Amino acid sequence: MSIPPYSQPEFPVSRAAAAAAAGALVPPTERFATRTSGMIASEIRALFAVASRPEVVSLAGGMPNLAALPLESLSAEVADLVARDGQVALQYGSAQGVPRLREQICEVMREEGIEADPDDVVVTVGSQMALDLITRIFCDPDDVILAEGPSYVGALGSFAAYQARVVHVAMDELGLVPELLENALRGLAAQGITPKFLYTIPNFHNPAGVTMAVDRRQRVLDLCAEYGVGVVEDNPYGLLGFTGTVYPALRSMDRDVVYLGSFSKTFASGLRVGWALVPPAVRDRLVLAAESATLCPPSFTQMLVSRYLENHDWRAQIKTFTEVYRERRDAMLTALETHLPEGCTWTVPDGGFYVWLTVPEGVDSKAMLPRAVTARVAYASGTGFYADGLGSRQLRLSYCYPTPERIAEGVRRFAAVLEAELDVMKTFGVQGRPARVVLGQGPQAPSPDTA
């Protein structure tokens, strides 16, 4: 993997800045901070309005399937919470989070081998807020962050908002490749650059669907320690494995790892309750940053999550979720095998929400998306998961929300669009080439451009 030369990023000149340079009076409503030039709409979020139409099969969004939740008993919990503890639940609370919930979060993390002190847990409004705050307290403009290629679109948005530069490191079917990480670290060190941290989703990766091999995890941590680089572990899917295996968290191997967790995938995403487990040296700054962002996370949702963990068999509920998602994963893999043309490859996830698909050479997944929507199927094009414009041959398919029947129909519609695209290429003399060598059970390195 070649490391691109490091240079001062060029930010587009706003209309306000141009007017100021010309001596014109700039309207107050256009005097934006320079960092806002890096804030652009997510390609995936922009799809939601279209994908939510009932006639469209959406394989784009990562919405959890909440049909398996015990809604009747949860509604009784909500009523009782207001009746018994409304004076506390509806009041301001601690910026660090409800103490009892922080204790319970430590119990949840113990499932992945993490031993933690509740004092080192900071509750946030979803783990996205934790990620944003971590970036805020660590990154100055022009700092470098290492991230898997592809990477979670919400992380890339936060990194861009704080004007950080992302250097991607490719994966294969066993997750982040340590040799490529070492190449990236060595290349940056030669330029006098120490990345602020490695951002990684080791389990059931979003969007790639792969899991970092256990024997690679310590090597990744050792490399980062050798080069003085922090590690941020984002793990919202870790308990949603299909084989019964719970992989050890990176945080269980190194207490300096910043660990991000969430109840959005294992309970209810609409409650927006996440957390960060951080070393003591980070905690105070993170709490101050949280206070400046929200003053405090909502006590009501935290106390509801706490009651759920206290009074319900949350482990059994997670098992129910995994059975639902495994059935949908199987439906998607069967449909891909049945309908997709030659030259396509895809990952085979053993947990989580996503399959990462590579289409034949010459097909641009972003350019093809409007034609797919016209055919009443939606997906997330691969370019949205890279900070550097790569991923045009890739796309993410989500199986978590639609029924198995809808998944099969969605893949059939997608395959028809792809076949039409290949026919046009053939008609106009654009010859597709076979996909790169397939590794393992079918997945290849998520981006052939970064391998």
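Under a 1.4 Å probe, what is the accessible area of the chain per residue, stated in Å²?
Numbers: 19360 Å² over 451 residues.
It amounts to 43 Å² per residue over the chain.
Can you pull the percent of the chain's accessible area that's carbon plus sulfur, 1.4 Å probe, other chains left in place?
Details: 10410 of 19360 Å².
Carbon-and-sulfur percentage of accessible area, whole number: 54.
Just grab the label-to-label distance for residue 323 and residue 423, each label 7 Å out from Cα along the Cβ direction, in nm (one decimal).
Label-label distance for residue 323 and residue 423, simple model: 4.3 nm.
Could you tell me how many cubic angstrom of Cα convex hull volume region 356-413 has per residue? List each step's numbers first, then the result.
Values: hull volume 4.8 nm³, N = 58.
Output value, Cα hull per residue: 83 Å³.
Here are labelled values, [x] 21.7; [y] 23.1; [z] 23.9, and one is the computed Kirkwood radius over Cα pairs in Å for what I pasted. Which one?
It is the value labelled [y].
Treat every Asp and Glu Cβ in the chain as -1 and every Lys and Arg Cβ as +1, leave all other atoms uncharged, and give the resulting dipole magnitude about the Cα centre to the nearest 20 debye.
Dipole magnitude for the chain comes out near 940 debye.
I need the peptides 127-134, 350-357, 284-291, 322-329 ranked by packing, meaning the mean over residues of other C-beta atoms within 10 angstrom, with the highest value on top.
Values: 127-134: 24.2, 350-357: 25.8, 284-291: 17.5, 322-329: 19.2.
Result, highest mean first: 350-357, 127-134, 322-329, 284-291.
Could you tell me which of 271, 281, 249 has its Cα farthest along the dipole of region 227-321 towards the positive end, charges placed at Cβ (Lys, Arg +1; Asp, Glu -1), taken about the Cα centre?
271
Once the Cβ-Cβ distance between residue 179 and residue 409 is put in as r, and R0 is 51 Å, what FRET efficiency do you end up with, to the nearest 0.05?
0.80
For the chain, build the charge dipole from Cβ charges (+1 Lys, Arg; -1 Asp, Glu) around the Cα centre, then report which of 358, 299, 322 sits farthest towards its positive end.
The residue sitting farthest along the positive end of the dipole is 358.
Sticking with the crude label model, points 7 Å out along Cα→Cβ, report the distance from residue 284 to residue 243 in nm, one decimal please.
About 4.5 nm separates the two model spin labels.
Taking 0.36 nm per intervening residue step and subtracting the Cα-Cα distance, what contour gain separates residue 53 from residue 315 on full extension?
Numbers: separation 262, 0.36 × 262 = 94.32 nm, distance 3.36 nm.
Computed gain between residue 53 and residue 315 is 91.0 nm.
Distance between the C-alpha centers of region 119-152 and region 160-197? Whole Å please.
16 Å
Shape verdict for region 314-355, please, from the Cα gyration tensor: rounded (a/c under 1.5), prolate (a/b greater than b/c) or oblate.
In terms of gyration-tensor shape, prolate.
What percent does the relative contact order of the chain come to when contacts are Cα pairs within less than 8 Å and at least six residues apart?
It comes to 22 percent, rounded to a whole number.
I want to check the label-to-label distance for residue 78 and residue 219. Put each point 7 Å from Cα in the C-beta direction and report it in nm to one decimal.
4.9 nm
How large is the charge dipole for region 241-326, taken about the Cα centre, if only the Cβ atoms of Lys, Arg (+1) and Asp, Glu (-1) carry charge, to the nearest 20 debye?
Once rounded to the nearest 20, the dipole reads 160 debye.
Can you give the Rg and Dmax of region 240-323 based on its C-alpha atoms, in angstrom?
Just the Cα atoms of region 240-323 yield Rg and Dmax of 15.0, 42 Å.
So for each of 359-366, 271-278 I average, over its residues, the number of other beta carbons within 10 Å; can you give me the resulting order with the highest mean first?
Order by mean packing, descending: 271-278, 359-366.
For the chain, build the charge dipole from Cβ charges (+1 Lys, Arg; -1 Asp, Glu) around the Cα centre, then report which of 156, 427, 213 sits farthest towards its positive end.
Result: 427, furthest along the dipole toward the positive end.
The values are calculated or read from the model by the stated rules, or taken from the named source; none is laboratory data. Model, not experiment: these values are computed from the prediction. Methodologically, a virtual Cβ is constructed for each residue, glycine included, from the backbone with ideal geometry; neighbour enumeration extends over all protein chains shown. In case anyone asks, the SASA skips ligands and DNA or RNA and just uses the protein heavy atoms, side chains included. Shrake-Rupley method; radii C 1.70, N 1.55, O 1.52, S 1.80 Å.
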